[in-house]
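The values are calculated or read from the model by the stated rules, or taken from the named source; none is laboratory data. Here the structure is a predicted model, which is why all the values come from computation and not from measurement. Because the Cβ atoms are built from the backbone with ideal geometry, glycine has one as well, and the counts that use them run over all protein chains shown. Quick note on the areas: whole protein, heavy atoms, side chains included, nothing else; ligands and nucleic acids left out. Shrake-Rupley method; radii C 1.70, N 1.55, O 1.52, S 1.80 Å.
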Amino acid sequence: MSQERPRKPPAVEQQEPIKYGDIFPVSGELSSQPVAPGDAAMMQSAETSVLGKTLKGGTAAVMQSAATRNERAGVVGHRDVTKVVENEGATLVGSTDLPGTRVITESVAKQVIGQHVQPHP
């Protein structure tokens, strides 16, 4: 009769959070911060207030995807907001410097993280 060793459960792999520096060209404190659901909500609000909608595949959508993954991994809570984003905000500015063109600049914590060019009547 042989004795079997008890089986160990597979190790639960600790998932690293998706940080701003992983998905946007940012530096400083922001780059090491996980993207939180409240951050994404701020950018969605900014896009909606300036554009009337959120951009498909835009900055808010990317942030929402990262925040959702971070929440599912348990590294951020559903209502969390990154402190630097809470203090410095998420903004979207549209300018019409070029005739017939609108340039949209999106920033988080005063760092530009995206620009979009749209036709403008």
Report summary line: Over the chain, with neighbouring protein chains present, the accessible area per residue in Å² at probe 1.4 Å is 66 Å²
Report summary line: Within the set A36, A73, A60, GNM on the chain using Cα springs under 10 Å gives the largest fluctuation to A73
Query raised in the report: Mind listing the phi-derived Karplus ³J(HN,Hα) values for region 109-120, rounded to whole Hz, using 6.51, -1.76 and 1.60 with θ = phi - 60°, and x for any glycine or proline?
Result: 6, 6, 10, 5, 10, x, 9, 9, 10, 10, x, 9
Query - Degrees between helix 59-72 axis and first principal axis of the chain (Cα, 0 to 90, nearest 10) - result: 20 degrees
Report task. Would you mind telling me which residue in Q111, Q15, Q44 has the biggest mean-square fluctuation in a Gaussian network model of the chain, where springs connect alpha carbons within a distance under 10 angstrom? Result -> Q15
**Report entry** Simple label model, 7 Å out from Cα along Cβ direction - R69 to D22, nm
**Finding:** 0.5 nm
Report task. Using only Cα atoms, find the angle between the long axis of helix 37-51 and the longest principal axis of the chain, and express it within 0 to 90 degrees, rounded to the nearest 10. Result -> 20 degrees
Query - Solvent exposure, largest accessible area first (probe 1.4 Å, DNA, RNA and ligands not counted), of I18, I23 - result: I23, I18
Query - Sparse-neighbourhood loop sites, trypsin sites (Lys or Arg not before Pro) in region 57-90 - DSSP loop, at most 11 other Cβ within 10 angstrom - result: R79
Requested in this report: Compare H78, H120 by solvent-accessible area with a 1.4 Å probe and give them largest first, with all protein chains kept in place.
Outcome: H78, H120
**Report entry** Label selected from (i) 119; (ii) 137; (iii) 169, the criterion being volume of the Cα convex hull per residue in Å³ as computed here
**Finding:** (ii)
Query raised in the report: Roughly how many percent of the accessible protein surface of the chain is carbon and sulfur, given a 1.4 Å probe and a whole-percent answer?
Result: 49 percent
